[in-house]
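Participant: Have a look at this one.
The values are calculated or read from the model by the stated rules, or taken from the named source; none is laboratory data. Keep in mind the model is a prediction, meaning the values are calculated, not measured. All Cβ positions, glycine included, derive from the backbone under ideal geometry; neighbour counts span all protein chains shown. Please note that ligands, DNA and RNA were not included when accessible areas were found on the heavy atoms of the full protein model with its side chains. Shrake-Rupley method; radii C 1.70, N 1.55, O 1.52, S 1.80 Å.
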2 protein chains.
Amino acid sequence: MSAAVVEFLVTGDEVMRGLIADTNTQITATRLYPLGLALRRTTVVGDRGEDIRRALLEISVRADYCIVSGGLGPTADDLTAACAAQAAGVPLRTYEPWLEHLRRRWAKIRPNETMPANNLRQAEVPGSAEVLGNPDGSAPAFALRIDRCQFFFLPGVPREYHRIVEEMVLPRLVAATGNAILRSRILHCYGVTESKLDELVSAVREAHPEVRFGFRTKFPENHLSLSALAADAATAEASLSRVERKCREALGPFVYGADGVTFAQALGEELARRGETICCAESCTGGLLTQLLTEVGGSSRWTAGAFVTYSNDLKHSALGVPREMLQQHGAVSEAVVRAMAEGARERSGATWSAAITGIAGPDGGTADKPVGTVWLGLCGPPGTTARLAKYRGDRGQVRLQAAYGALQLLREALGPTRVP
Amino acid sequence: MSAAVVEFLVTGDEVMRGLIADTNTQITATRLYPLGLALRRTTVVGDRGEDIRRALLEISVRADYCIVSGGLGPTADDLTAACAAQAAGVPLRTYEPWLEHLRRRWAKIRPNETMPANNLRQAEVPGSAEVLGNPDGSAPAFALRIDRCQFFFLPGVPREYHRIVEEMVLPRLVAATGNAILRSRILHCYGVTESKLDELVSAVREAHPEVRFGFRTKFPENHLSLSALAADAATAEASLSRVERKCREALGPFVYGADGVTFAQALGEELARRGETICCAESCTGGLLTQLLTEVGGSSRWTAGAFVTYSNDLKHSALGVPREMLQQHGAVSEAVVRAMAEGARERSGATWSAAITGIAGPDGGTADKPVGTVWLGLCGPPGTTARLAKYRGDRGQVRLQAAYGALQLLREALGPTRVP
């Protein structure tokens, strides 16, 4: 049996005109690809009835499955349900259970207002459709067969769309592969290129065809996704955990976490477990490292704060870096990064302090210290360490790599996790 | 004459599988829409010859113009040039001037190596194509007519793609509108909703049909794009500057800058003009404000640095906020934000200091001070001011709005730019 053909259809003037990005299909594609389905085409059209109907009917003879997003709302430019009915050659009908659901929902949120008549439109679905519902919104998803293709119509709001994909569409597509259950894990790696990552796990992949491997770069990280399909949950979970263990062995210290945790968060949680804290001393990264540590909720458990000492004056007054040292060695030097780290630790009382000073560009480079030259420092209970790094890329890339480099110094100090 | 129909075709397995996002068409759509062209469809297919040929031939009878991206590189999965030739029914030919260009380019970059034979493939174009070239890369863009449609084939690398669109494709599409010249300006606004922005400029828009208006939200900013089409440059520029002036009058202090400048950058450049500097004192924003100030190259001219005082201990030790004040008023209070601002200014010697302390969520809110409660402070030559803000949204949105709010306090202090 050849793989089932899957397409996406995205509707909406705002997407067509570039006002909003279609992130729905991108994320969904990374979920569907490991199933072995043949993702063949994505089509984007605006809010024009003839364009939507034409696209539906073209897809209806090309694909086995199609996920359609957008155009299910209550306003006049929400045409998708009507176009779906017209393309299928069936009338619209009002789905009474959903109407009742909408009325109860409205009464709960706004008990003193009458529901606008517009909202009733959202209970209208093609006569032959199977209503799937929507746990988070007022427009119900529905499934509809047109010719050889099974369509899934979903609201375009990303939060609603993704939950419906996960809970209602994926299980149906998994079934189409001849399996019943899908279990996935994403291993987040730092310090390894995508091609090296691929090479390190290739033996595991070849030995375990029952688990599908996928790769994705999220600079400067690389992620490995593992997907196990099976007839039952126990088999899928056993395959997944066996292969995950072997991949973690093959990848060693490159793996820092799994399933959405950020690099800074993984380190922060480890600090919190130990009852320790960190304070940063940043120059060229200008607050980026601290921002990575604090963007996660609950980060006050591990972050004391930071001294962003962009100017030499502030390096001296806020961190106690001697003026003569700055003059003699320059701000981008081992002596200064050590003094920054030691000053930040002493003045904050944090367990650890990470320091960064470098040349992020585009200006400021010299023959001796070109753009991308960064000194990283760490001060903590075992003492102070420093490392010289030379990064490539533009200002944003140099800054991001420097912030990761400082976190990696901390990671090595916390355990045997040195990355080559 | 009805508007010319334009489509996009994106090729590449990496886009189809969601490994990389197609940002090219989104940005291009916002450039094309003001031309009054009818953007009717975007199609994304993987690296399969039959899928690419089929898409080209379908588009060839539907559209007047189509921009195709991807698949022009030197590797085996770069199929687009061959598929274009097959769809047009013409052979591939080697375009000698480009081959010569590639050889010279290689000799310059790697004088001691022979150019791989693979690279020669990039000089092969469909026999009937007009070669447009590529100022930044090795794969040349080309134009090709198939049936009723004029296709433009572009490399998918964003930097190369966008330059070719701007310099080679846009002028040809402008000509298709019956005009010769397009001049655009984007006004960046802060403090105004998209619907209010629309309302404020509606009279100008109605009085000036010769300029097209477009809107785009980039949270928490809103941008207004103005596009003037005319037969000659002088007319286009005159229309544009007349309408820009009227829009700036209608929008008053909401406009902070134009054409890509960031909010923090606009304020930073104003500080640099005055020979002044800023230091930040951040609590709940955790370095985000400083990060916005320093992500721009050259920001050392206006940023002294920052004290990110996440913990109360650090608010006391690094900024001198009295412990009794923290205990009596709490960290999120007017007294503390004023003390933070004053401490940061005094200890940094900067002209200005901006302070932020609040509850970003998801935890930490109380009945008195719910999530989104933020105190903003500013200390400078005229003294210290403070403002209480209540933001909606998730942790990331609260933090971003708080950073903008602090910058807005500075903006008001620098000039008569109070936003209602």
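Participant: Determine one quarter of the surface area of the Cα convex hull of the range B:263-414, which equals its mean projected area, and express it in nm² to one decimal. Before the final figure, lay out each step's value.
Facilitator: Working: hull surface 31.9 nm².
Here the figure is 8.0 nm², rounded to one decimal.
Participant: Right, another one. What's the Kirkwood radius of the range B:295-360 in Å, using all Cα pairs?
Facilitator: Numbers: mean 1/r = 0.0805 Å⁻¹.
The Cα-based Kirkwood calculation yields 12.4 Å.
Participant: Only protein chains counted, 1.4 angstrom probe. Which residues of the range B:288-318 are at least 30 Å² less accessible in the assembly than when their chain is isolated?
Facilitator: Output list: B:291, B:294, B:297, B:304, B:306, B:307, B:308, B:310, B:314.
Participant: Of the cross-linked pairs B:246/B:390; A:196/A:390; B:218/B:390; A:218/A:390, which ones have a Cα-Cα span greater than 24 Å in the structure shown? Show your work: numbers first, answer last.
Facilitator: Numbers: B:246/B:390 33 Å; A:196/A:390 20 Å; B:218/B:390 20 Å; A:218/A:390 20 Å.
Beyond 24 Å between Cα atoms: B:246/B:390.
Participant: Shifting gears a bit: Counting only protein heavy atoms and rolling a 1.4 Å probe, how much accessible area do B and A lose on contact, total for both sides, in Å² to 100? Don't skip to the end; give the middle numbers.
Facilitator: Numbers: alone 19510 and 19520 Å², together 34740 Å².
Answer for the B-A pair: about 4300 Å² buried.
Participant: Follow-up question, since we're still on this one. Name the residues whose placed amide hydrogens come within less than 5 Å of the amide hydrogen of residue B:215, ignoring near sequence neighbours (fewer than 5 apart) on the same chain.
Facilitator: B:225
Participant: Relative contact order of chain A: what whole-number percent is it, with Cα pairs under 8 angstrom and at least 6 residues apart? Display every interim value, and only then the final one.
Facilitator: On the way: 791 pairs, mean separation 42.3, N = 420.
For chain A, the relative contact order is 10 percent.
Participant: What is the average number of partner chain Cβ atoms found within 10 Å of a Cβ in B:7-17?
Facilitator: Numbers: counts 2, 2, 0, 2, 0, 0, 2, 1, 4, 10, 9.
So the per-residue partner count for this stretch is 3.
Participant: Give me Rg/Rg_expected for the range A:181-258, where Rg uses Cα atoms only and Rg_expected = 2.2 N^0.38 Å with N residues.
Facilitator: Numbers: Rg = 12.0 Å, N = 78, 2.2 N^0.38 = 11.5 Å.
Relative to the rule-of-thumb radius for its length, the range A:181-258 sits at 1.04.
Participant: Let's test the formula: R0 of 45 Å, r as the Cβ-Cβ distance of residue B:177 and residue B:301. What FRET efficiency results, to the nearest 0.05? Provide the component values of the computation, followed by the final result.
Facilitator: Working: r = 42 Å, r/R0 = 0.94.
According to the calculation, E is roughly 0.60.
Participant: Relative contact order of the range B:181-258, please, whole-number percent, based on alpha carbon pairs below 8 angstrom and at least 6 residues apart. Display every interim value, and only then the final one.
Facilitator: Numbers: 129 pairs, mean separation 35.6, N = 78.
So the answer I get is 46 percent.
Participant: Once you treat every alpha carbon in chain A as an equal point and sum by Debye, what is log10 I(q)/I(0) at q = 0.06, 0.14 Å⁻¹?
Facilitator: -0.37, -1.13
Participant: Which values of log₁₀ I(q)/I(0), to two decimal places, follow from the Debye formula for the range B:24-71 at q = 0.13, 0.25 Å⁻¹ with a uniform point scatterer at every Cα?
Facilitator: For the range B:24-71, the Cα-only Debye profile gives -0.33, -1.04.
Participant: Let me ask something additional. Once the mean 1/r over all distinct Cα pairs of the protein assembly as shown is inverted, what Kirkwood radius in angstroms do you read off? Intermediate values should be presented prior to the final figure.
Facilitator: Values: mean 1/r = 0.0336 Å⁻¹.
By the Kirkwood definition, the hydrodynamic radius is 29.7 Å.
Participant: Plugging the Kirkwood radius over Cα pairs into Stokes-Einstein for the range B:1-84, at a temperature of 20 °C and a viscosity of 1.002 mPa s, what D comes out in µm²/s? Display every interim value, and only then the final one.
Facilitator: Working: Rh = 13.4 Å.
D, rounded to a whole number, is 160 µm²/s.
Participant: Calculated from DSSP H runs of 4 or more alone, at -39500 (n - 2.57) each and per residue, what is the 222 nm mean residue ellipticity of the protein assembly as shown, nearest 500? Write down the numbers at each step before the final one.
Facilitator: Working: 32 runs with 340 residues, N = 840.
Counting only the DSSP helices, I get -12000 deg cm²/dmol.
Participant: With the cut-off at 1.5 for a/c, could you classify the range A:91-240 from its C-alpha gyration tensor as rounded, prolate or oblate?
Facilitator: In terms of gyration-tensor shape, prolate.
Participant: Here's something else I'd like to know. Select from chain A the helices, each a whole stretch of DSSP H, whose alpha-carbon atoms run 18 Å or more along the helix axis and whose Kyte-Doolittle mean is at least -1.0; answer none if there are none. Write out the running numbers ahead of the final one.
Facilitator: Numbers: long enough: A:49-62 (20 Å, -0.19); A:96-109 (20 Å, -1.22); A:194-207 (20 Å, -0.31); A:233-251 (26 Å, -0.36); A:334-348 (21 Å, -0.51); A:395-414 (29 Å, 0.04).
Membrane-span-like by this criterion, though nothing is claimed about a membrane: A:49-62, A:194-207, A:233-251, A:334-348, A:395-414.
Participant: Compute the separation of the alpha-carbon centres of the range B:228-244 and the range A:65-117 and state it in Å as a whole number.
Facilitator: Between the Cα centres of the range B:228-244 and the range A:65-117 lies a distance of 45 Å.
Participant: Quick one: check the C-alpha center-to-center distance for the range A:160-216 versus the range B:283-355, whole angstrom.
Facilitator: Answer, in whole Å: 44.
Participant: Looking at the range B:97-167 from every direction and averaging, what is the projected area of its Cα convex hull in nm²? Write out the running numbers ahead of the final one.
Facilitator: Details: hull surface 21.5 nm².
Mean projected area of the Cα convex hull: 5.4 nm².
Participant: Here's something else I'd like to know. What percent does the relative contact order of the range B:1-118 come to when contacts are Cα pairs within less than 8 Å and at least six residues apart?
Facilitator: On the way: 133 pairs, mean separation 33.9, N = 118.
Over the range B:1-118, the number comes to 29 percent.
Participant: Tell me, what is a quarter of the convex hull surface for the C-alpha atoms of the range B:147-224, in nm² with one decimal?
Facilitator: Details: hull surface 30.1 nm².
With every direction weighted equally, the projected area is 7.5 nm².
Participant: Another question about this same structure. Can you tell me the Rg and Dmax of the range B:5-176, counting just the alpha carbons, in angstroms?
Facilitator: Gyration radius and largest Cα-Cα distance of the range B:5-176: 15.5, 51 Å.
Participant: Antiparallel versus total DSSP beta bridges in the range B:263-414: what percent is that, nearest 5? Mind dumping the intermediate values first?
Facilitator: Values: 14 of 24 bridges.
In the range B:263-414, approximately 60 percent of DSSP beta bridges are antiparallel ones.
Participant: Let me ask something additional. Could you state how much accessible area residue B:181 has, in square angstrom rounded to the nearest 10, with a 1.4 Å probe and all protein chains kept in place?
Facilitator: In the full protein context, residue B:181 sits at about 40 Å².
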